[in-house]
Amino acid sequence: MARNLVGFLVLVLAISICEAASIFQPISESHRSAALELFTPTDGSFGSLEETYEALRTFGILGIQKKPHIGTGSCQSVSETLGSSSSTTKDLFFALKVNSILECKIDEAIFQEITSRLKAVVNDGNSLLDFYYSISSLALIKDQNSKVDVLLGDADGIFRSIKALSQSDGRWRYSSSNPESSTYAAGLALEALAGVMSLASSEIDHSLIDTLKNDIVKLFDSIEKYDDGSFYFDEKLVDAREHHGPLSTTSAVIRGLTAFASLTSGTITLSGNKILGLAKFFLGIGIPGNSKDFFNQIDSLACLESNRISVPLILSLPATVLSLTKKDQLKVKVNTVLGSSAPPLTVKLMQAFISGSKDSSVIESQELGFDPENAVHILDVLPKSVDVGNYIFVFEIVLHDSVDKKIYTTGGQTQVPLFVTGVVKIDNAEIAVLDSDLGSIETQKKIDLAGETSVSLSANHLQKLRLSFQLTTPRGKFFKPHQVFLKLRHETEVEHIFVVGNSGKQFEIILDFLGLVEKFFYLSGRYDIQLTVGDAVMENSILRAVGHVELDLPEAPEKAPRPPARPVDPYSRYGPKAEITHIFRAPEKRPPKELSLAFLGLTLLPFVGFFIGLLRIGVNLKNFPTLAVPATFAILFHLGIAAVILLYVLFWLKWDLFTTLKTLGFLGAFLMFVGHRTLSHLASTSAKLKST
Amino acid sequence: MAKSTSKDAQALFHSLRSAYASTPTNLKIIDLYVGFAVFTALIQVVYMAVVGSFPFNSFLSGLLSCIGTAVLAVCLRIQVNKENKEFKDLAPERAFADFVLCNLVLHLVIMNFLG
C-alpha cells in the first residue's frame, strides 16, 4: 500500500511536471551550461567550419564569455578556405560566417577574388542553394570589408530568377528542374532574397517585394499547431536527399523571415499569436541533445528576440505549486525569449478556475503588483475564494506604452496550471466498537491522526467497527481527498482494504463483522488497522498505523474459502535454495569376518570328507580311455566342463547374462560334441565287455 | 528290554552295513557325493541360523545349489542302479550325460541368482 501511495505521488508529480512544461520558460542558465557541454572542441577546433560557426554563434547569443580557445586554429582554416580556389560556395559561406564573428585578418585581394567568383555564380546560378550560398557570402563580405565592391548590378533580375522558383503555396523549389517544393527551401530563399535586397545597387521593384510578402503570408497558412499553443513548420517533402525535421525547417523559415523583415520598410501582416507560437515551439523542446538542434533553437530564438514583425513576450511562473499554509505569493515573470527584461507592463489575473470545470471563475480579475527589484509581478495574498486544489489561472499582459504594443506580442491570455496546496485539518477522529443489534457503543476511543496513536480494541463477529473523522481545508471547507483507505491486516499478512466513504461532512466507515466473516476467511486474532488519507494538494497526507483490533470470529465451516497463500517474496527467488539431504538405506548388519571365514572352512570339510571317502572305497581311473583319440576327447570333455564352470564364475564376477549365454552357446556345442564322443566310446567298450 | 533293543539295533546296523558292502562302487561314489552335498547344505543352514539371512538370495542359491546337486545325484543313482528294471535299457553313460547337462543348467540359474 505504501508503495502504491508513493507510486501515485510520483505520478502526480510527473503530471504536474508535464503540465508545467506547457508553461514556457525563457532561456536560462541551464542552456548555458548545456551549450558548453554540447560544443566542446576536440584538439582545439571543431570538426568543420560549419560546426565552428554554430558553436561561436551559440556562445555569442547566450553571452558565454569563457569560450574554448579556438580562435587561432579556426582563423587559419578560414584563411585557407578563402584562399583556396577549389572551395565550394558552401565552404566559403561558412568560412565567412566564422570570420564575421572571429574577425580574422584576411587580405583584401582575397576578398576581391572571392567576390568575382561569387558574382559569377550568382549570375549563372539556377539552383536555389547556389543563389543562397553565394548571395549570403557576398552579404557577409559587404559587412566584413567595406572596400570591396559587392553590389549587384542586376538585382531585380536576380530577385526575379529566385522568385521564379517559388510555388503558389509560398514554398520553394530547389531548382527549376526539380518539381518538389519545400518549406525549408522557402526559408533559404527568403534569406537569399533578403541578401539580394541588401546588395542591390538600386532599389528593388516594390511590386516584387509585395508579392513576396504575399508569399510569406501564404507560407504561414501552412503552419502547423500543437495543442499547447506552439506553432511550427514541417517539411512535407520526405524523400529529399537531405530531410529536415520540424526544428530545422522552422528555424530556416524564421531566419529567412527575420532577415527579410529587417530590410523591408512596410509591415508584414502576420498574427502575433503565430510568432509567439513559434517561440513557444522552440522553448517547449527544452534543451536539445545534439549541437545542431541546439544551434537551431538558440539561433531562431535570437532571430525572434530582435525581429521587426513582433517580439514575443513569455510569461512564466517560478513556482507552480503554492502553499496556502505557508502563504506563498503568486509570482509571475515576463521576459523575452532569451530571458531579457520586458518593457513596462502590467500582468492581470483575469480568471482562475478549478481544472476540469472551466465554466466558473473563482476570482475577480485583478492586477498584480510589480516588484522592480526582482522584475517579478506579485499577487501578495491569494483571494479567499481560492482553496486547495488544482487550478488554471488565466493571465493577461497589458503593455503600458502604446508604441510597445506594435513591437511586442503577448499572445492575449495565457493559461497556467497551478497547484494550491495546504495543510488539511483532521478533526473528530474516533474509532468505536458497536453492538450490532442495538447499535449501542461498546467502546469508543478518540484518536489523534496527526500524532502517534495506538488504540487496542476487541470485537466479535456480532459487533461493528466504526471509524470516523472530518477533514477541513485551511479555508475551513470540507475536503475530499483522492484516497481514503482503511486497511486491516491479519497476523498472517492477509490484508483487506476498504474505501472510506463520506457522508456529507464527515468520513465514516462501519465494518459489520457479521457480513465480513467470510471475506476475512474466519481468521480470528489480531488485525492491525492502517489509515491512508492522501491527495496531491494535501501537504499532510497520512499513512498511519492507528492501532489494532482483536477479532473473535466463529470457527470456519468445512466449505469456507481458504485464505490466499502468502505472496512469495520476489527476492527469495535469488536466495540460496534449501539444502537437499539424501537419505540412504542403512547398511544391513554383517557378521564378523572371522565367523564367515570359519564357515567357509567348514563348507570345505564335507568336500575333504568326500575325497577321503573316495579313497577308502578305492576309486580308480582304470576306465579312462587309453587310446589316443578317445583320451583326447575325454580330456577335452573334462576341460570343457571346467571351462563352463569358469564361465559361470566370470558371469558371477563381472559379465552380464547376454555375454555369458553367447559364450555358453559355443562352449555347450563343443561340450555336446566331445561328451557324446567320450560317452559313446565308454558305452561301446562296456558293451564289448558284456558281449565277451 | 533295553538291552535287547540295543542289541537289535546293533544287529540291524550290522546287517545294513554288510548289505551295503555289496553295493557297486559307482553307486557308493554317488552316495558319497550326495552326502557331501547334503552336509555342505547343512553347514550353510547352520551359518544362516547363527548369522542371519541378510544376503538371502546368496543363501538360497548356495543351499539350492547343494540340494539340487544332491537331488540330481539321487536321480543319477536311480538310473545307474542295475537293480532298477525300469531303467534297464538306459545306458549309464547316457544317464551321466543327463546329469552333467542338468547340473550345468542348474548352476547357470544359481549363478544368475547369486547376485
Taking the Cα centre of each part, how many Å lie between the range A:608-641 and the range A:297-346?
129 Å
For chain B, what is the convex hull volume of the alpha-carbon atoms per residue, in Å³?
130 Å³
Assuming R0 = 56 Å, what is the FRET efficiency of A:Phe478 and A:Glu180, from their Cβ-Cβ distance, to the nearest 0.05?
0.30
Over the protein assembly as shown, what is the percentage of antiparallel beta bridges among all DSSP beta bridges, to the nearest 5?
85 percent
Go through B:105-111, A:138-144 and give me the packing order, highest mean Cβ count within 10 Å leading.
A:138-144, B:105-111
Ranked from the most accessible area to the least, with a 1.4 Å probe and all protein chains present, what is the order of A:Val98, A:Val499?
A:Val499, A:Val98
Classify the range A:22-309: rounded, prolate or oblate, from the alpha-carbon gyration tensor (a ≥ b ≥ c, eigenvalue square roots; a/c under 1.5 rounded; otherwise prolate if a/b is larger than b/c)?
oblate
Which of the GluC sites (Glu not before Pro) found in the range A:139-216 are in a DSSP loop and have at most 15 neighbouring Cβ atoms, other than their own, within 10 Å?
A:Glu180, A:Glu203
Taking R0 as 25 Å and r as the Cβ-Cβ distance between A:Glu364 and A:Ser340, the FRET efficiency 1/(1 + (r/R0)^6), rounded to the nearest 0.05, comes to 0.15
Net charge near A:Asp387: determine it from the other residues with C-beta under 11 Å of the C-beta of A:Asp387, scoring Lys and Arg +1 and Asp and Glu -1.
+3
Name the shape class, rounded, prolate or oblate, that the alpha-carbon gyration tensor gives for the range A:511-581, where a ≥ b ≥ c are the square roots of its eigenvalues, rounded holds for a/c under 1.5, and otherwise prolate holds if a/b is larger than b/c and oblate otherwise.
oblate
5 Å is the cut-off here: which amide hydrogens, built 1.01 Å from N in the peptide plane, fall below it relative to A:Gln351, excluding neighbours closer than 5 in sequence?
A:Val394
Please report the net charge: other residues with Cβ closer than 14 Å to the Cβ of A:Arg616, K and R +1, D and E -1.
+1
For helix A:49-62, report the angle its Cα long axis makes with the longest principal axis of the Cα atoms of chain A; keep it between 0 and 90° and round to the nearest 10°.
70 degrees
Going by alpha carbons, how many degrees (0 to 90, nearest 10) lie between the helix axis of A:628-653 and the longest principal axis of chain A?
40 degrees
Quick shape check on the range A:597-692: root eigenvalues a ≥ b ≥ c of the Cα gyration tensor, a/c under 1.5 is rounded, otherwise prolate if a/b tops b/c, else oblate, and it reads oblate
Just from its helices, what would the mean residue ellipticity at 222 nm be for chain A, if runs of 4 or more DSSP H residues each count -39500 (n - 2.57) and the sum is divided by every residue, rounded to the nearest 500 deg cm²/dmol?
-13500 deg cm²/dmol
Which part of the range A:479-500 falls in the paramagnetic zone of A:Arg526, meaning amide N under 18 Å from the point 7 Å along Cα-to-beta-carbon?
A:487-496
Trypsin sites (Lys or Arg not before Pro) within the range A:591-628, DSSP loop, no more than 15 other Cβ atoms inside 10 Å
A:Lys622
Am I reading the B/A interface right? What is its buried accessible area, both sides, 1.4 Å probe, to the nearest 100 Å²?
2600 Å²
Multiply the residue separation of B:Val38 and B:Ala9 by 0.36 nm, subtract the distance between their alpha-carbon atoms, and state the gained length in nm to one decimal.
8.0 nm
Only loop residues by DSSP count here, and only those with at most 12 other Cβ atoms within 10 Å; note down the GluC sites (Glu not before Pro) in the range B:1-108 that meet that.
B:Glu83
Of every Cα-Cα pair in the range A:256-359, the percent that sits beyond 24 Å:
40 percent
For the protein assembly as shown, what is the charge dipole size about the Cα centre, in debye to the nearest 20, if Lys and Arg each add +1 at the Cβ and Asp and Glu each add -1 at the Cβ?
6260 debye
Alpha carbon Rg of the protein assembly as shown, scaled by the compact-globule rule 2.2 N^0.38 Å:
2.07
Per residue, in Å², the accessible surface of the protein assembly as shown once ligands and nucleic acids are set aside, probe 1.4 Å
55 Å²
Percent of accessible area on the range B:25-114 owned by carbon and sulfur, 1.4 Å probe?
70 percent
Would you mind checking the range A:119-162 for residues with the amide N under 18 Å from a putative spin-label position 7 Å along Cα→C-beta of A:Ser202?
A:150-161
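Please compute the average number of Cβ atoms from other chains found within 10 Å of each residue's Cβ in peptide A:585-596.
That average works out to 2.
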When the C-alpha atoms of the range A:314-421 are aligned to their principal axes, what extent does each axis show, in angstrom, from largest down?
39, 30, 22
To the nearest 10 square angstrom, what accessible area does B:Lys28 show with a 1.4 Å probe?
50 Å²
Put simply, what bits of the range B:6-51 lose 40 Å² or more of accessible area when the other protein chains are there, versus the chain on its own (1.4 Å probe)?
B:Ile29, B:Leu32, B:Phe36, B:Ile43, B:Tyr47, B:Val51
Over all directions, the average projected area of the alpha-carbon convex hull for the range A:425-557 comes to how many nm²?
8.2 nm²
Give me the net charge for the shell around A:Thr685: Cβ to Cβ below 14 angstrom, other residues only, Lys and Arg +1, Asp and Glu -1.
+3
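The values are calculated or read from the model by the stated rules, or taken from the named source; none is laboratory data. From a predicted model like this one, the values you see are computed outputs, not experimental measurements. For neighbour counting, all protein chains shown are included, and Cβ atoms are generated from backbone atoms with ideal geometry for every residue, glycine included. Areas reflect the complete protein model, heavy atoms only, side chains present, ligands, DNA and RNA absent. Shrake-Rupley method; radii C 1.70, N 1.55, O 1.52, S 1.80 Å.
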